[in-house]
């Protein structure tokens, strides 16, 4: 499959950039070894676009998503979010930007087991300083919209995986963000529940105008997005429009590949 460097194939020309990723690097230390996860990635995401990030397990997809969301800091390079450079923002300023503009959906839901569905969705808004009446009303409307109006008082362990993910998605939308960052949103779900979550994301993008960056290992789901980038060998490559992503051969085991640490 022919691929092109993502930096040379921007999204729709003339669109307003939500994210501009500039020569992004991220490495980690494991005892005496340095693990280079991302190696000079550059691309952009336009407002209203749905971008899928695909790649094999451990390739750095989630690391990249966390960097886009300001949850982690790069080793080098920068992410520009809505015209603001993360590199030049304080922790408090990055947090404020996330609260106003970003919604995070995690693969493992991250719901509080001691709280019911309604309380789990309300909780972030109470932390932001909303009054309880406003938070309760907004949370209830979102859960009703996602077909969970009859499950408000149920705790996570009393909900199916698909229902838990819908609660997590409702929580991510409490601040009505323009950008949704979704990490394997269907990864722990059966086929039917996965389709329901994808339908909700599609509605949020196509009808609601939300920008979505979605990490997934499912190449069929990735084709639902406007554009797909493959994360491979610390780089990203763009999948030509109308083409199914090809992840390439699996990486060699560490013993066979040799010790590549500097």
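Only the coordinates and a few stated rules stand behind these numbers; no lab work does. Just so it is clear, the structure is predicted and the values come from calculations on it, not from any experiment. Neighbour counts are summed over all protein chains in view; Cβ atoms, including those assigned to glycine, are modelled from backbone coordinates with ideal geometry.
Roughly speaking, what % of Cα-Cα pairs in region 83-209 are separated by over 24 Å, rounded to a whole number?
On the way: 2125 of 8001 pairs.
Of the Cα pairs, 27 percent sit more than 24 Å apart.
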Q: Sticking to Cα atoms, compute the Rg of the chain to one decimal and its Dmax as the biggest Cα-Cα distance, whole number, in Å.
A: 18.9, 60
Q: Specify the angular offset, from 0 to 90 degrees and rounded to the nearest 10, of the alpha carbon long axis of helix 191-206 from the longest principal axis of the alpha carbons in the chain.
A: 90
Q: Would you mind checking the tilt of helix 91-101 against the longest principal axis of the Cα atoms of the chain, expressed as 0 to 90 degrees and rounded to 10?
A: 60
Q) Out of the DSSP beta bridges found with both residues in the chain, what percent are antiparallel (nearest 5)? A) 60
Q: With a 10 Å radius around each residue's Cβ, average the other Cβ atoms per peptide and rank 22-35, 112-125, 50-63, highest first.
A: 50-63, 112-125, 22-35
Q: Apply the Debye scattering formula to region 6-99, with a single equal point scatterer on each alpha-carbon and no solvent, then give log10 I(q)/I(0) at q = 0.21 Å⁻¹.
A: -1.13
Q.
Highest mean first, how do 144-155, 214-225 rank when packing is the count of other Cβ atoms within 10 Å averaged over residues?
A. 214-225, 144-155
Q) Between region 183-223 and region 87-133, what is the C-alpha centre distance in whole Å? A) 20
Q: Treating the angle as unsigned and between 0 and 90°, give the value, to the nearest 10°, between the Cα long axis of helix 132-145 and the longest Cα principal axis of the chain.
A: 70
Q: Can you tell me the order of 85-97, 69-81 when each peptide is scored by its average per-residue count of other Cβ atoms within 10 angstrom, highest first?
A: 69-81, 85-97
